[in-house]
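Below: the structure, in structure tokens.
The values are calculated or read from the model by the stated rules, or taken from the named source; none is laboratory data. The shown structure was predicted, so the numbers you read here are calculated from the model rather than taken from an experiment. Cβ sites come from the backbone with ideal geometry, for glycine too, and all protein chains shown count toward neighbours. Side chains included, ligands, DNA and RNA excluded: accessible areas come from the protein's heavy atoms. Shrake-Rupley method; radii C 1.70, N 1.55, O 1.52, S 1.80 Å.
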Amino acid sequence: MTLQRRYIVIGAVVVLSVVVTATLMMKRLLGDANVDGADKPAQRLAPVVLVARAPLENVITLTGEFRPFQQVDVHAKVAGYIRHILVDVGDKVRAGQELAILEVPELNAQVMGAKSDIGRSQDAIRRAQSEIERAESTHTAYHAAYTRLKQASEERPGLVAEQELDDSMAKDKETEAQINSARAALAESQNQLGMAQATLDRLSALQAYSHITAPFAGVVTKRYVDTGALISAGTSSETQSQPVVQLAEWSLFRLEIPVPESAVPMIHLGSIVQVHVLDLNRDFQGRVSRFADAVNDETRTMHTEIDVENPQDTLTAGMYAQVKLALQGNRGALTVPVQAVVQEGDGNDHYVLVVDDQNRVQKRNVVLGEQTSTTVEIVHGLSEKERVISAGQSDYAIGEVVMPKLESAPAGAREVQTGERK
């Protein structure tokens, strides 16, 4: 054998030895791994939540529609032609601001006549006062003469003829009667003046109604007439009078909501609520201001109104809004998610799966309290900060060791949607 062949054989033996040694080491490693895997099976993940105290309340969401706090059709008190109309749709007006002016010539003439009657009555009063003064002056003279004649007749009987004394007494009484007559005429003239003044006041009041004014501050939502239109008196019952404009108060709105019968006991005057306007995606503060205090027989709801201020004219009549009313609740309830509780038996028994300190699954019977759509109150059976499996309870065996994965608990409020857009 040559030297070259000897080297080749030696190299082949070395390579074969290395391959065999590597194969034996791999088998040993794989064997050890299989043995370790058989002794220590992999632990499964288990979603858990902590038992915690949280607010638990029932919330009902009601949908309603905004209405102006006040809305009226403004009529004319007297009949006449529209001389000027000073506002149009969309104009904002103040309380007492003029909206339109009527032309009522017949009424103006009646006012002038009433003023003339007052002047005539005042002249009659002055004449009656002059007559009283003249009658009193005459009566004073005749009364003095009669007094002197009577005194002289008493001092010296027979000095004054009886006829002369009787005539003097008659003149005295006549002038006294004239005074009473003049005073009666004065009283009549004063009564005539009072009647004329009352007539003028009535006609002046009607004349003032020819200036149609706003009864409250608001916005003009409709305009029914134009300049020159004939308007009937709003007090006339024979014909249906036409309004001049429609006025709505928009600084304050009424939100009308139907409250279900079950929620009626929870409605209280003055309660502050949050109002969410859907079209604006904004929240406003409202106050429960009035309710019907009676349930409708057909809908089994109670008409309730919430006042919402509108200082920046953001809201518009007809908009829909949602109101959340808290019906009842417990601010410190011990709660878990609804899906963490398992029902068994006839439905009155419930249990949860608890992961203890050694990460072993344990069954725990519980007593339930108030419940919402996401959360349930645990009255008995659990303590705060215990770990409860929140889903897939049937996949775990009692005593099984798991790897807990902490999840967040849901909010503890139940919302019930009522009321729909018309």
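I'd like the FRET efficiency for Glu106 and Leu86, computed as 1/(1 + (r/R0)^6) with the beta carbon distance as r and R0 of 25 Å, rounded to 0.05. Step by step, r from the Cβ atoms, then E = 0.60.
With a cut-off of 8 Å between alpha carbons and a minimum separation of six or more residues, what is the relative contact order of segment 254-343 in percent?
Numbers: 124 pairs, mean separation 29.4, N = 90.
Dividing the mean separation by the residue count of segment 254-343 yields 33 percent.
In this view, the solvent-accessible surface of Arg126, computed with a 1.4 Å probe and all protein chains in place, comes to about 130 Å². A crude spin-label estimate for the pair Leu252 and Arg94, with each label 7 Å from Cα along the Cβ direction, gives 2.0 nm. Heavy-atom surface analysis with a 1.4 Å probe gives segment 53-103 a carbon and sulfur content of 48 percent of its accessible area. Orientation-averaged projection of segment 162-286 equals 20.7 nm² [convex hull of Cα atoms, one quarter of hull surface area]. With contacts taken as Cα pairs under 8 Å at a separation of at least 6 residues, segment 82-186 carries a relative contact order of 29 percent. Amide H to amide H distances under 5 Å link Val244 with Val74, His75, Ala76, where only residues 5 or more positions off or on other chains count and H is placed in the peptide plane. Across the cross-link table entries Lys324/Lys385; Lys324/Lys405; Lys385/Lys405; Lys92/Lys222, which are compared at the Cα atoms, the separations over 23 Å belong to Lys324/Lys385; Lys324/Lys405. When only the Cβ of Lys, Arg, Asp and Glu is charged (+1, +1, -1, -1), the dipole of segment 81-158 relative to its Cα centre reaches about 360 debye. The largest accessible area among Met302, Met112 belongs to the first residue in Met112, Met302, and the rest follow in falling order (1.4 Å probe, all chains). Counting only protein heavy atoms and a 1.4 Å probe, segment 275-351 has 56 square angstrom of accessible area per residue. Remark on Ala79: its backbone amide H falls under 5 Å from those of Ala233, a criterion applied only to residues 5 or more positions apart or on other chains, H modelled at 1.01 Å from N.
What a 1.4 Å probe finds exposed on segment 144-290 is 50% carbon and sulfur by accessible area, rounded to a whole percent.
Per residue, the solvent-accessible area of segment 113-272 (1.4 Å probe, heavy atoms of protein chains only, all protein chains present) comes to 60 Å². Full extension of the chain between Met266 and Glu400 gives 43.5 nm of extra length, using 0.36 nm per residue less the Cα-Cα distance.
Rounded to the nearest Hz, the phi-derived 3J(HN,Hα) couplings of segment 281-296 under the Karplus curve 6.51 cos²θ - 1.76 cosθ + 1.60 (θ = phi - 60°) are 6, 10, 10, 10, 8, x, 9, 5, 9, 6, 8, 6, 6, 7, 8, 5, where x marks glycine and proline.
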